[in-house]
Amino acid sequence: MRPIIPRVRAPVRLLMYLRFVRFLLWEFRWPLVVFGTLVLGGGLILHHFYDHGRLSFARACHAVFLMIFLESSLDFPDEWYLQPLFFLLPIVGLGAIADSVVRLAFLVFTRKQNLPEWNRMLASLCRNHFIVIGAGKVGYQVIKGLLEMRESVVAVEMAAGAPLLSELFDRGVPVVQGNARMASTLEQAGVRQARAVIVSTSDDLTNLDAAVTARDLNPDARIVLRLFDETLATKVAGAFAMPAISTSQVAAPAFIAAATGRKIYQGFQLAGQQVHLTDITVCTTGRLVGMTVGDLQSDKRINIVMHQSSGSGSVHVNPDAEIALEPDDTILVIAPMEPLLLLESMNQPQQCPVHFPAKLGVAANSQPGGLGGAPANAPAVG
């Protein structure tokens with residue numbers, strides 16, 4: 001039976017197969033112990049007491065092995081104390097074999113039906129993995145992103161009929177069904193061996209309770225939780241030292257971008273300052289045409305992390321300062337909001353030449369169209 005192992009790196013996959021073998025040995029430990037005791041113990045008895053020809057220990061063990069399957073290679077003994085052995089060995093041995101067959105059939109059935117027992121077994125194989133609590137739309141996107149990064153993932157979902165469970169099963173993701181607020185459910189997901197726990201259900205109380213429980217069970221794991229209340233998210237992040245993602249705060253840039261027609265600004269904290277990441281396509285008639293990467297980065301607040309040429313299609317990560325921008329080039333920018341708005345205003349189509357006043361520490365006549373300041377008709381920023 002070939003186990004469905006989550007898609008992970010090759011060395012980790014090998015370790016998981018070894019853990020699966022260890023799990024099978026533990027699952028079948030009693031039938032194996034009984035079978036081994038019968039073969040070795042019965043062989044030892046026949047080796048010492050069977051008088052119809054002297055038997056070596058290896059041959060006696062082989063004879064007991066055949067006897068269990070009702071294929072005895074020895075004559076029935078005349079010794080009364082050996083006669084019950086010839087009757088009991090097949091009965092006990094076949095009982096152990098039947099127990100193993102039933103266990104194996106149950107494992108095959110649980111695998112094909114994706115029953116909770118099979119998923120709990122797969123989760124027990126994972127080490128240094130990610131646990132995603134909540135297999136809804138947000139949780140599914142998180143899991144999909146982690147799988148694309150070739151990480152091992154275990155999902156926790158309370159609703160047995162969640163619509164996206166079949167998608168997770170198809171991707172080989174173990175799904176532990178149960179209430180994530182209970183320590184036993186997180187234990188089944190392997191929280192003590194997990195690298196991080198991402199709590200993404202749609203209920204703030206459940207997310208907070210599950211996050212605190214996970215922290216208690218594994219203080220070394222990184223806990224990230226989703227909260228709708230922005231104020232609560234800020235307090236939780238400060239009090240519990242756990243990253244708390246406010247859904248409203250994350251969604252706000254997308255709504256603003258859709259309403260204003262701008263790009264979506266992805267905000268994050270860098271060295272204690274709120275900065276944003278966005279991409280800008282150089283307008284054909286905008287003031288950015290002809291400027292170099294160094295011109296844009298001269299005020300030390302704008303950082304160009306990537307440049308894609310529209311002509312050759314080549315991509316430059318951390319591009320050189322001498323690279324000049326051409327129409328329809330794309331740049332990936334990290335900067336605070338004010339410089340980004342200034343950059344955006346400079347990229348607007350121009351009908352006639354515009355003179356820029358000195359601003360941002362760059363002389364107005366240092367570069368034609370340089371980042372010396374906002375256009376005269378641009379709205380004030382600040």
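The values are calculated or read from the model by the stated rules, or taken from the named source; none is laboratory data. Values in this document were obtained by computation on a predicted structure and should not be read as measured data. Glycine gets a Cβ as well: all are built from the backbone with ideal geometry, and neighbour counts include every protein chain shown.
Taking the range 222-313 and the strands (runs of 3 or more DSSP E) fully enclosed by it, the elements with 2 or more residues that are closer than 29 Å to Asp204 by Cβ and at pLDDT below 75 are at 244-246, 266-270.
The one condition from (1) without any contact (Cβ under 8 Å) to a residue 12 or more places away in the chain; (2) assigned to a strand (DSSP E or B); (3) not acidic (Asp, Glu) that Gly145 does not meet is (2). The residues listed here are Gly172, Gly136, Gly145, Gly161; of these, the one that is in the same structural domain as Leu217 (by TED's automatic domain parsing), in contact with a Pro (Cβ under 8 Å, 6 or more places away or on another chain), surrounded by fewer than 23 Cβ atoms within 10 Å (Cβ to Cβ) and among the small types (Gly, Ala, Ser) is Gly172. I'm trying to understand the selection: among the residues of the range 163-212, which are assigned to a helix (DSSP H, G or I) and among the hydroxyl-bearing types (Ser, Thr, Tyr)? Once the filter is applied, which keeps residues that are assigned to a helix (DSSP H, G or I) and among the hydroxyl-bearing types (Ser, Thr, Tyr), the range 163-212 yields Ser166, Ser184, Thr185, Thr206. Listed here are the helices (runs of 4 or more DSSP H) enclosed by the range 9-128 that have at least 1 residues being surrounded by fewer than 15 Cβ atoms within 10 Å (Cβ to Cβ), modelled with pLDDT of 85 or more and polar (S, T, N, Q): 29-49. Kindly check whether there is at least one residue in the range 279-298 that is without any contact (Cβ under 8 Å) to a residue 12 or more places away in the chain and in the same structural domain as Leu340 (by TED's automatic domain parsing). The answer is no, given that none of the residues of the range 279-298 is without any contact (Cβ under 8 Å) to a residue 12 or more places away in the chain and in the same structural domain as Leu340 (by TED's automatic domain parsing).
Which residue is farthest from the chain's Cα centre (by Cα), if the candidates are limited to the range 147-205 and must be on the phi < 0 side of the Ramachandran plot and of a type in the set (Lys, Arg)? Here the residue is Arg181.
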